[in-house]
Amino acid sequence: MLTFLQDVTERDALIVVDPQNDFCEGGALAVQGGASIMPLINEIAARFKTVVVSQDWHTPDQISFASNHEGAAPFTQIEVEYGPQMLWPDHCVQGSSGADFHADVAPAVQRAAAIIRKGANPAVDSYSAFFENDHKTSTGLSGLLRGLGAERVFVCGLAYDYCVRFTAEDAVREGFAAVVIEEATRAIAEDTAQAARDSFAALGVVRL
Ligand code: VGL
Ligand code: ZN
């Protein structure tokens, strides 16, 4: 457990994805075991020179909120301009306590060189910390990481099957080596977690 930390170098960066109250127990889009990974994330973050934290940061009129589509239920899919989009319960609304970082992850957040906010455009959801779901609009994270000398990124946080998955995949597409620290993530559902593992195998994302 965590033996990989010995091999972390200055060319490695840690991306902590969405460690927010709404993805933890009692939150609007709670992931089972979400809060339990926070102490581990702190331990991992302490060993990285470069730490970046992403923050899901929606407005109330966000297109992926089921509440903004008459008669639509959360966890069903709709078709939008940029393709299929899963509908969610309202979550991580800007300025709400649900959007705040979980208190237990404060040491890792304190180490962060930057906090990347995503999902603020009401017309486009954003899972990845690199690109919005239209796969075109950049958050600027690639340039930041390159500017800081990173060549490989380690990804942890919530949720494994959505924001962690798409962040790791985009990292590879952007030319970084990508490693997902599985014990420091949790998934929303098992079928989508399996889809993530299949996709990681195809793209060369390493799973620890
Ligand atoms: C996430 C669904 C909607 C995540 C964010 O952080 O994985 N999932 N918004
Ligand atoms: Zn979201």
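What to note about this one:
- Subset of the range 144-169 (residues that are of a type outside the set (Phe, Trp, Tyr) and within 16 Å of ligand 2 (Cβ to nearest atom)): 157, 158, 159, 161, 163, 164, 165, 167
- Search result, residues across the range 56-85 that are in a strand (DSSP E or B) and either among the acidic types (Asp, Glu) or within 13 Å of ligand 1 (Cβ to nearest atom) (or both): 56, 58, 65, 77, 79, 85
- Sole residue being surrounded by 13 or more Cβ atoms within 10 Å (Cβ to Cβ), touching a residue at least 60 places away in the same chain (Cβ under 8 Å) and within 14 Å of ligand 1 (Cβ to nearest atom), chosen from 93, 109, 53: 53
- Test: residue 171 is more than 15 Å from ligand 1 (Cβ to nearest atom) and crowded, with 23+ Cβ neighbours inside 10 Å: yes
- Of all the listed residues (12, 61, 18), the sole one being within 19 Å of the chain's Cα centre (by Cα), among the acidic types (Asp, Glu) and within 16 Å of ligand 2 (Cβ to nearest atom) is 18.
- Flag: residue 178 matches the condition of being under 14 Å from the mean Cα position of the chain (by Cα), surrounded by fewer than 24 Cβ atoms within 10 Å (Cβ to Cβ) and away from ligand 2 (no atom under 13 Å from the Cβ).
- Residues of the range 14-50 that turn out to be among the hydrophobic types (A, V, I, L, M, F, W, C), within 29 Å of residue 148 (Cβ to Cβ) and surrounded by fewer than 21 Cβ atoms within 10 Å (Cβ to Cβ), as a count: 2
- The single condition among (1) out of contact with any Gly (no Cβ under 6 Å at 6 or more places or on another chain); (2) more than 29 Å from residue 176 (Cα to Cα) that residue 50 does not satisfy is (2).
- Those residues of the range 56-74 which are in contact with a strand residue (DSSP E or B) (Cβ under 7 Å, 6 or more places away or on another chain) and free of Cβ contacts under 8 Å to residues at least 40 places away in the same chain, in sequence order: 60, 65, 66, 69, 72, 74
- Once the range 28-50 is narrowed to residues that are within 13 Å of ligand 1 (Cβ to nearest atom) and touching a His at 6+ places or on another chain (Cβ under 7 Å), the residue that is nearest to residue 5 (Cα to Cα) is 29.
Read-outs: derived from the displayed coordinates by stated rules, not from any lab. A quick note: this is a predicted structure, and the numbers were derived from the prediction, not measured. Heads up, the Cβs are rebuilt from the backbone with ideal geometry, glycines too, and the neighbour counts pull from every protein chain shown.
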